[in-house]
Structures are given as structure tokens and as C-alpha cells.
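The values are calculated or read from the model by the stated rules, or taken from the named source; none is laboratory data. Predicted, not measured: the structure shown is a model, and the values here were computed from it. All Cβ positions, even for glycine, are placed from backbone atoms using ideal geometry, and neighbour counts span all protein chains on display. Quick note on the areas: whole protein, heavy atoms, side chains included, nothing else; ligands and nucleic acids left out. Shrake-Rupley method; radii C 1.70, N 1.55, O 1.52, S 1.80 Å.
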Amino acid sequence: MPEWLDGAWRQLNQVRDQGRLPHALLLIGAEGIGKQVFASRLAYSLLCEAPLADGQPCGGCAACAWLQAGTHPDLLQLTPEEAGKAIKVDQIRSLCTELGMTSHAGGHKVAVIQPADAMNSNAANSLLKTLEEPPEGAVLLLVSATESGLLVTVLSRCRVLRFGRLQPAECRRVLEEVG
């Protein structure tokens, strides 16, 4: 995970260690800042059978192998059916139904919705019931570059985690490291 996300990771992991992980997180920030990487790492960590002390997934358990193969039954990823199109109400209904089912491993079920601002209003309204009364163990990760396309009712039911732009000195250092 890029080091500029370390602070947000530590903060979220501390909340998680205290047993206060929110059931819905909205990750907001500029395109390319690392929101999807962060969401994936968090999903992997929540589904890992033996996460490390810093909250990172172990990478060696059966769940991590399934995640690396893209076959973990408790990870649900939702994107528009066609690039540049809206996320439709039927997609959200299907996701909510799947979230309501018992998890494979008896732990979390994690849904990643990206880009969350692509939900049309019917889809967003359909998600509200699950945001208000999430199934046991469900964690929803909504990823978006902006909150302007999201319903206020969706925003109010998520904990927002903002990813700021890198400062010029940080950009320079990162670019020098990658050559």
C-alpha cells in the first residue's frame, strides 16, 4: 500500500482494534490517490483469517489465497455493468440480498461499491435500508472521487474517510523512488 495512505490505515486500524469499525465507509479523494488500493487492503484484512498486528492481511491463509485468486465468496464487488454507465437498482438489490446471507467463514461479508457516485437515485435509495440496518458482519466500502453525486441520505449513513492530494514535496519523493 502506498505510504501516503499509512496514516489513514493506522487511524482506521485503531478504531477497528477498539471494536468500533463502522459498517459503512465512504472513501473520497482524487482519482489515482489510492482509494481503491485502500478499500481492497481493508477488505482483505477483514476477511483474512490471521491479520497481522498492524491490521494488514497475512497473505498466507486460505482466505488470503481465495482473495488473491479473486474467488473469496464473502467479497462482493460492485461496479457499473458498462463503463461510464450508472449502477442500477437491480445490482444494488442483488448485492443487499447477498450481504444478508450468512458469510462463508462466519465472519465479515465485505461489499466494495465503486464508483459509488455512479449509483442512480433508485439504486442509492435501495441501498439505504442496508445502510440503516446492516446485516451482522456486513461492511460496505463506498469509493468515490466526489460526494456531489451521492444522495445526502447515503452520505449521512457512512463514515467519511477523505484522502487528500499529495503535497509537491511528497509527489517529488514518490516519483524519485519509482525512477
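For Cα pairs less than 8 Å apart in space and 6+ apart in sequence, what is the mean separation divided by the residue count of segment 30-179, i.e. the relative contact order in percent?
Working: 192 pairs, mean separation 33.8, N = 150.
The value is 23 percent.
For the chain, the share of accessible area belonging to carbon and sulfur comes to 50 percent (1.4 Å probe, ligands and nucleic acids excluded). Between Glu81 and Glu31, full extension at 0.36 nm per residue minus the direct alpha carbon distance yields a gain of 16.0 nm. The dipole here belongs to segment 52-127: it is taken about the Cα centre, uses +1 on the Cβ of Lys and Arg and -1 on the Cβ of Asp and Glu, and is about 100 debye.
Counting only helical runs of four or more DSSP H residues, what would the 222 nm mean residue ellipticity of the chain come to if each run contributes -39,500 (n - 2.57) and the total is spread over all its residues?
-11500 deg cm²/dmol
3J(HN,Hα) along segment 8-17: 5, 5, 4, 4, 5, 5, 5, 4, 5, 4 Hz, from the Karplus curve 6.51 cos²θ - 1.76 cosθ + 1.60 with θ = phi - 60°, whole Hz, x for Gly and Pro. In this structure the amide hydrogen of Leu142, modeled in the peptide plane, comes within under 5 Å of the amide hydrogens of Leu25, Leu26, Leu27, Ile113, none closer than 5 places in sequence on its chain. In sequence order, segment 95-101 has phi-based couplings of 4, 5, 4, 5, 5, x, 7 Hz under the Karplus curve 6.51 cos²θ - 1.76 cosθ + 1.60, θ = phi - 60°, and Gly or Pro positions carry x. Around the Cα centre of segment 1-115, unit charges on the Cβ atoms of Lys, Arg, Asp and Glu (plus for the first two, minus for the last two) sum to a dipole of about 220 debye.
Extension gain for Arg173-Leu128 works out to 12.0 nm (0.36 nm per residue, less the C-alpha to C-alpha distance).
Counting other Cβ atoms within 10 Å, which GluC sites (Glu not before Pro) in segment 83-148 have at most 12 and lie in a DSSP loop? Don't skip to the answer; put the middle values down first.
Values: sites: Glu98, Glu132, Glu136, Glu147; in loops: Glu136, Glu147.
Loop-located and lightly packed - Glu136.
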